[in-house]
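Undergrad: One structure, as structure tokens, below. Some questions next.
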Amino acid sequence: MFYVKSASTLTRSGLEVHFRRGLLSTHRLRSTVTSTSPSPARTGKEDRGHRGAAEEETENPAADEVLVDFEKTQEVYRSKASLELLRSLVVFKLCSYDFLVDKNKEIMDLGKKVLGQKAFDQFMKMTFYGQFVAGEDQKEIRPLIQKNLAFGVGSVLDYSVEEDISEVEVGQIESEKHSATSLTYRDSMKGGTKAFTCTNSEEAKCDRHMETFIKCIKASGWSSTDGFSAIKMTALGRPQFLLNFSEVLVKWQNFYAFLAAQQGKDATLKKKLDLTQMQECLTKLGATGDYYGWFTGQKEKHEGCIDVLDWNSLIDERTKTAHLLVVPNLGELEPLLKRFTQEEEEQMRRIFQRMEILGMHAQENGVRLMVDAEQTYFQPAISRLTLEMQRIFNTTKPIIFNTYQCYLKDAYENITRDVQLSKREGWCFAAKLVRGAYMYQERERAEEMGYEDPINADYESTNRMYHRCLDYVLDEIALNRKANVMVASHNEDTIKHTLKRMNELRVLPKENKVYFGQLLGMCDQISFPLGQAGFPVFKYVPYGPVSEVMPYLSRRAQENRGFMKGAQRERELLWKELKRRLASGELLYQPVY
């Protein structure tokens, strides 16, 4: 069994946690600025009915208007000393040069050699680290959190240490010509991922990361009454395990697509498979066993047909049907889980145990957990584990938030499927929408290994995907007030569009259903006006030792290169405020709070 073989419930610290199915088992607000580009509308009778019902159900009389002005620099930068504004100008300008962004890792390595580690760390704290990172530990970051909160902006605390597969492990995987990523788009290779043994030192490292996240949760608890804390799944378990588990999930999903294609259908939520035809198809392939019987335990529910949610639920019951879980591979059927070893099952148990402990601490401290998205070859496992946590902790209010990267081609499919699952099972859907990270790494890997690029073709395609996903969740919020979303964006048009849609759907800022988020050190001209206008807005506040946060900074420079290069407007606002302070004799201004 994937995690715990003998119990369907666990009790820790007086909290009874029920595992489901076995795998882990009114104001009217208006912005003074409006969107310059309409968002893609959801089409079709079902979508129109969804939006119409939402608007009818949330009809409230107009009251006080909430005005948001993104132009008043004196108000925008009230929380900043002049030296901070000057640092922002310098950092944004340096980040606009492609050479510095492309070679940032090499330049930082050279800086360490020339300056020495201590002087290099100090230089980074005066520049890039100081701009985008709050400090090295919980004590050091406290003043910044309290200052932002005084000006209406909360914090998503993020201990920014990331794990990836080691070069040795990557070499082993590629030498076997097999990986979870390649399976996602080209599931046609024999063999399987090698099982790796998890050492005691690696387990101890994961436990240390969990303790750090617990401290982060507690710090979020005292920083505000509704704070967030970010966690990374690769810090809680061996990345290789997440890769192997992702492979299992991807193969299972591809099997559904294969069966749908045999029936002349696509593998979408709206299309259902005929169980009789599925049995006939598998029998022709040489399979033995009652595959029809997989789903006929509840005939009144399925009525001879299943959708993708029914299909995904089957793997939750895999202990009952392990001998039946086979998938096509080069025309033959092979056991899906033959390489999912006992050690990996133990890793599953341990990683979920750590997640459960974090969930309970979040619940006790009044904090929401934001599970960060990571590379696509980890993401199926990360999303699946996060869904299991949502089933447990999001029963009455949102505590666990999943992250959806809208630069991925399948983002809309993923988010609609999870929304429908939450409605079917009765828990609160909670999401953070981002445009995405790891783009250059993903594209290089896809080209190197010869599978389809998982990223949208260009920035405009990603914009359309982001607004499409956002509109879907906003409609769901207006319909039943159970869904929740954080609009994590630096795009001003996206923020304006969200305010406009909240106005149309009469979703109030005080309801805390729609949150806004930006990275620390970026887009203060968006964050602080929203906070001062009463909207729940949060800065993503990274922290950690300088040497350990360098990979985070390097990646941020890469993924935000387009924003940094085009941040002319933010630089203009910064210059405008600096000149205003100089002319008015306020150059030595210090924020008071």
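Undergrad: Under the rule a/c < 1.5 gives rounded, and otherwise a/b versus b/c splits prolate from oblate, where does segment 344-387 land using the Cα gyration tensor?
TA: Numbers: a/c = 3.37, a/b = 1.37, b/c = 2.46.
Oblate, because a/c is 1.5 or more while a/b does not exceed b/c.
Undergrad: Another question, then. For each pair in K139/K218; K232/K423; K80/K510; K432/K513, compute the distance between the two Cα atoms and list the pairs where it is over 20 Å. Before the final figure, lay out the partial values.
TA: Numbers: K139/K218 12 Å; K232/K423 26 Å; K80/K510 26 Å; K432/K513 12 Å.
Going by Cα-Cα distance, K232/K423; K80/K510 fall outside the 20 Å limit.
Undergrad: Still on this structure, please answer the following. What's the magnitude of the charge dipole for segment 412-491 around its Cα centre, counting Lys and Arg as +1 and Asp and Glu as -1 at the beta-carbon? Answer in Debye, nearest 20. Let's see the in-between values first.
TA: On the way: 11 positive and 14 negative charges, 120 e Å.
For segment 412-491, the charge dipole is close to 580 debye.
Undergrad: Shifting gears a bit: Name the residue farthest towards the positive end of the dipole of segment 448-567 from the options P536, V549, G450, assuming +1 on Cβ of Lys and Arg, -1 on Cβ of Asp and Glu, about the Cα centre.
TA: Projecting each Cα onto the dipole axis, the largest value belongs to P536.
Undergrad: What's the extension gain from T127 to D226 if we count 0.36 nm per residue and subtract their Cα-Cα distance?
TA: On the way: separation 99, 0.36 × 99 = 35.64 nm, distance 3.07 nm.
So the chain would gain 32.6 nm between T127 and D226.
Undergrad: Then there's this: How much length would be gained if the chain were fully extended between Q263 and R571, taking 0.36 nm per residue of separation minus their Cα-Cα distance, in nm to one decimal?
TA: Details: separation 308, 0.36 × 308 = 110.88 nm, distance 5.61 nm.
The Q263-R571 span can extend by a further 105.3 nm.
Undergrad: Where the only charges are on Cβ atoms (+1 Lys, Arg; -1 Asp, Glu), what is the dipole of segment 440-540 about its Cα centre, to the nearest 20 debye? Kindly include the intermediate steps, with their values, before the conclusion.
TA: Working: 13 positive and 16 negative charges, 171 e Å.
Computed about the Cα centre, the dipole is about 820 debye.
Undergrad: How large is the dipole of segment 378-434 about the Cα centre if only Lys and Arg carry +1 and Asp and Glu carry -1, each at its Cβ, rounded to the nearest 20 debye? Walk me through the intermediate numbers first.
TA: Working: 8 positive and 5 negative charges, 21 e Å.
The calculated dipole for segment 378-434 is roughly 100 debye.
Undergrad: Another question, if that's okay. Between D109 and L309, what length comes free when the chain is fully extended (0.36 nm per residue of separation minus the Cα-Cα distance, one decimal in nm)? List each step's numbers first, then the result.
TA: Numbers: separation 200, 0.36 × 200 = 72.00 nm, distance 4.79 nm.
Length gained between D109 and L309: 67.2 nm.
Undergrad: On to the next question. How large is the accessible surface per residue of segment 409-525, computed with a 1.4 Å probe and reported in Å² as a whole number? The partial results should precede the final answer.
TA: Working: 3700 Å² over 117 residues.
For segment 409-525, the per-residue accessible area is 32 Å².
The values are calculated or read from the model by the stated rules, or taken from the named source; none is laboratory data. Values in this document were obtained by computation on a predicted structure and should not be read as measured data. Positions of Cβ are backbone-derived with ideal geometry, glycine not excepted, and every protein chain shown enters the neighbour counts. Please note that ligands, DNA and RNA were not included when accessible areas were found on the heavy atoms of the full protein model with its side chains. Shrake-Rupley method; radii C 1.70, N 1.55, O 1.52, S 1.80 Å.
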